[in-house]
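One structure below.
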Amino acid sequence: PTPEETAALPWPSREVEKLSVNEKTEHYDINASYPKTNSETISVFFKNFIENQISVFKEDTSGVNDIESASSQSLTLDIDYNIVESDTVENYVFNIDRYTGGAHGMQVIQTFAYDH
């Protein structure tokens, strides 16, 4: 393809759909979003990233009945993302908010960058 044709092709990392995972039990509430992209490989990477975050959260909260401060409140995992892009880079900035009991929750920011 010519440079013009190449420039017109969709970026593999471009979001085509926002997917969600939502799960609520007696003790916790999980709400997570992640992108489906033009690339199956990148989409699977994001899906696996979210599934891993959920798995770790469930493991960390598996003893909720043994901790009074945790069992008396709803534990939460909220994951959302923003897309920050330029002419050459597309960034997915994930905000991960976890509350597993105690005085306060924990926030983590994880960024994945894709260039062209």
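The values are calculated or read from the model by the stated rules, or taken from the named source; none is laboratory data. On a predicted model such as this, the values are computed, not experimentally measured, just so you know. Cβ coordinates were reconstructed from backbone atoms using ideal geometry, including for glycine residues, and neighbour counts include every protein chain displayed. Accessible surface areas use protein heavy atoms only, side chains included; no ligands, DNA or RNA. Shrake-Rupley method; radii C 1.70, N 1.55, O 1.52, S 1.80 Å.
Heavy-atom accessible area per residue, the stretch 8-52, 1.4 Å probe: how many Å²?
Per residue, the stretch 8-52 has 60 Å² of solvent-accessible surface.
If I compute solvent accessible area with a 1.4 Å probe over the protein chains, what percent of it on the stretch 23-116 is carbon and sulfur?
About 47 percent, which is the carbon plus sulfur part of the accessible surface.
Please give, to one decimal in nm, the separation of the simple spin-label points placed at residue 22 and residue 54, each 7 Å out from Cα toward the Cβ.
1.3 nm
If you add up the charges near residue 76, with Lys and Arg at +1 and Asp and Glu at -1, over every other residue whose beta carbon is less than 9 angstrom from its beta carbon, what do you get?
Surrounding charge for residue 76 is -2.
Go through the stretch 110-116 residue by residue and turn each phi into a ³J(HN,Hα) via Karplus (6.51, -1.76, 1.60, θ = phi - 60°); whole Hz please, and just put x for glycine and proline.
Computed from phi, the couplings for the stretch 110-116 are 10, 10, 10, 10, 10, 9, 9 Hz.
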